[in-house]
């Protein structure tokens, strides 16, 4: 069976590693995987590190689409992915999450009747102002196999009219949906064991990541967040791997004097973006995590770290409901209040809401079976 995996952003490279590892270790005689990198986000140095340390096969196709407006970028991807599909004639394609690469892969495959396997299906922020929300919904509704990491995601699919019945001949009209657990839990468990005895350069710190354009491209929101970071840095060191978008927008959104204050505050350590394994190491050693990243929210939970979410919504409602994370948006007072609450009284329980760490094997077995 030939499967084409579509990736386009670094988080998708990480997610794909769980499936690639399962195929290599258990199903190499049954599944041939071909990786297509759209180049939606592409940094040669960072991508090289990710592929090497995550033990992923190199892409057979590098489409080199690059950044651009949503419509133009997605259109280029659809055209180039369709060319690959016509050459390779796969049995199905795998797409991950909610990027433009995900949407482009789903559209290209659906138009020429190639089954779509959507991993991370059913996730909803219920905010259609987010381009990712549109991508999720459209991709789900043209997929044949949908694998949801959470029971909330699975229930979202049921509410949208998907059937819970599992058939032996699913189609895009009558797809199969599964609650399978989270492949990122597979990954975090696997890779955290690899770095278990490695040293971290920082102790007693808060880890912070900011990259979402709703935060970086809004002067008021960005200043509120950094006001909170500056205040929190008075009591605890802040480690901030600075995303390229954030680095670019800081001097455009905020005054030179203010930006200099951020860079010159000794208890705020601004570092270059880190690899996945380095990120796991930082998360493992942090006292608390501030983030607007969906993936980092989950990794915080997997590694038993409280998380302050710098967004108005989250797709991972479970971690908020069980009290291990709090949505604070770009509200200065809420960020300070909730951070101090978590630092003074850290959550003690992290229930197993993301599966058993074997989601990739389950997904591969369903693909083979059908």
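The values are calculated or read from the model by the stated rules, or taken from the named source; none is laboratory data. In this text the structure is predicted, and so the values were computed from the model without any measurement. Note: ideal-geometry Cβ built from the backbone for every residue, glycine included; neighbour counts use all protein chains shown.
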- line: Checked region 259-295 for anything closer than 19 Å to residue 49 by Cα, assigned to a helix (DSSP H, G or I) and touching a helix residue (DSSP H, G or I) at 6+ places or on another chain (Cβ under 8 Å); matches are 276, 277, 279, 280, 283, 295
- prompt: Residues in region 111-124: is at least one over 19 Å from residue 1 (Cβ atoms) and over 19 Å from the mean Cα position of the chain (by Cα)?
  reply: yes
- prompt: What do you reckon, is residue 190 surrounded by fewer than 20 Cβ atoms within 10 Å (Cβ to Cβ), in contact (Cβ under 8 Å) with a residue 60 or more places away in the chain and farther than 23 Å from residue 104 by Cα?
  reply: yes
- prompt: Restricting the search to region 145-180, which residues are crowded, with 21+ Cβ neighbours inside 10 Å, in contact (Cβ under 8 Å) with a residue 40 or more places away in the chain and farther than 19 Å from residue 316 by Cα?
  reply: 145, 176
message: I need the full set of residues from region 93-128 which are surrounded by fewer than 20 Cβ atoms within 10 Å (Cβ to Cβ) and not in a loop (DSSP other than H, G, I, E, B), in order please.
response: 107, 110, 111
- prompt: Could we say that residue 67 is in contact with a helix residue (DSSP H, G or I) (Cβ under 8 Å, 6 or more places away or on another chain), part of a loop (DSSP other than H, G, I, E, B), at pLDDT 95 or above and within 27 Å of residue 298 (Cβ to Cβ) here?
  reply: no
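Yes/no matrix, rows are residues, columns are (1) free of Cβ contacts under 8 Å to residues at least 60 places away in the same chain; (2) over 27 Å from residue 149 (Cβ atoms); (3) part of a loop (DSSP other than H, G, I, E, B):
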site: 18; (1), (2), (3): no, no, no
site: 35; (1), (2), (3): yes, no, no
site: 74; (1), (2), (3): yes, no, no
site: 87; (1), (2), (3): yes, yes, no
- request: Filter region 243-267 down to the residues that are modelled with pLDDT of 95 or more and in contact with a strand residue (DSSP E or B) (Cβ under 8 Å, 6 or more places away or on another chain), then identify the one that is nearest to residue 283 (Cα to Cα).
  value: 267
- prompt: So which residues in region 173-186 are in contact with a strand residue (DSSP E or B) (Cβ under 7 Å, 6 or more places away or on another chain) and more than 20 Å from residue 298 (Cβ to Cβ), if there are any at all?
  reply: 175, 176, 177
